[in-house]
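Everything below concerns the one structure shown next.
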Amino acid sequence: PYYMAAIEAMDYEIGRLLDNIPSDERDNTIILFIGDNGTPGQVAQPPYSISKAKGSLYQGGINDPMFVSGRGVSRNGTDDNLVVSTDLFATIAEVAGASVSEVNDSKSFEPLFSESTQIRAFEYSEMNDGTTDAWTISDGNYKLIVFSNGNQLFYDLDDDPYETTPLALIQLTTEATNAKAALEVELANIRD
């Protein structure tokens, strides 16, 4: 109940902030609101568990909500693009007038404000909390988690979005085999 109360209070205070911005300034403002590394395990609810929430490489730990509203934003609804937090840098720079849509590993998602397009083909994340040293890569449909000891988990996110059962690596379909190979190539490019 305390977590839900904190969310409600935050929503109320953000509403107060927006209500107090003069309308001419608000009309020239873009609001980017993004979550922080998933829901804490203490308040995770099914289908997520404590072990697959914040602080993990599972979707419950790295798939965060983001809302964009304001000037130049004409699209409504949800978008399943792969966007990472570093993409905020290039996006904010482009919105502010810089003529750059990509800086290092940051890709601007400003085009998504008005059109459906693909921003990036892969999403990468890693963690080392002193106990677990691992990294993950996804193409939005398939996801590979690799641990420093060489163990791997491979998921079909279309069929198993909550990562309940990893695919058996010795019985993959041709599609899954090709997707895993592409993820491994991209992972090697990122990690090398």
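The values are calculated or read from the model by the stated rules, or taken from the named source; none is laboratory data. All values reported here derive from a predicted model rather than from experimental measurement. We place every Cβ from the backbone using ideal geometry, glycine too, and count neighbours over all the protein chains shown. SASA here: full protein model, heavy atoms, side chains in, ligands and nucleic acids out. Shrake-Rupley method; radii C 1.70, N 1.55, O 1.52, S 1.80 Å.
So what are the radius of gyration and Dmax for the Cα set of the range 1-89, in Å?
15.5, 46
If you filter the range 84-192 for GluC sites (Glu not before Pro), then keep DSSP loop positions with at most 10 other Cβ within 10 Å, what is left?
Answer in residue order: 115.
In percent, what relative contact order does the chain have, based on Cα pairs under 8 Å that are 6 or more apart in sequence?
In percent, rounded to a whole number, it is 13.
Express in whole angstrom the spacing between the alpha-carbon centres of the range 96-121 and the range 54-88.
13
Quick one: pull the percent of accessible area on the chain belonging to carbon and sulfur, 1.4 Å probe, ligands and nucleic acids left out.
50
Springs between alpha-carbon pairs under 10 angstrom, Gaussian network model over the chain: which of 142, 12, 124 fluctuates most?
Maximum among the listed residues: 12.
With a 10 Å cut-off between alpha carbons and a GNM built on the chain, which of 31, 170, 119 moves the most?
Of the options given, 170 has the highest mean-square fluctuation.
As a check on your grasp of the helix formula, calculate [θ] at 222 nm for the chain: sum -39500 (n - 2.57) over DSSP H runs of n ≥ 4, divide by the residue count, round to the nearest 500.
Value at 222 nm, helices only: -8500 deg cm²/dmol.
Remind me, what semi-axes does the range 82-192 give for its equivalent ellipsoid, largest first in whole Å, using sqrt of 5 times each Cα gyration tensor eigenvalue? List each step's numbers first, then the result.
On the way: eigenvalues 170, 58, 28 Å².
Semi-axis lengths for the range 82-192 are 29, 17, 12 Å.
Kirkwood hydrodynamic radius, the chain, all distinct C-alpha pairs: what's the number in Å?
18.7
Counting each pair of different Cα atoms once, what's the Kirkwood radius of the range 50-123 in Å, rounded to one decimal?
Result for the range 50-123 stands at 13.4 Å.
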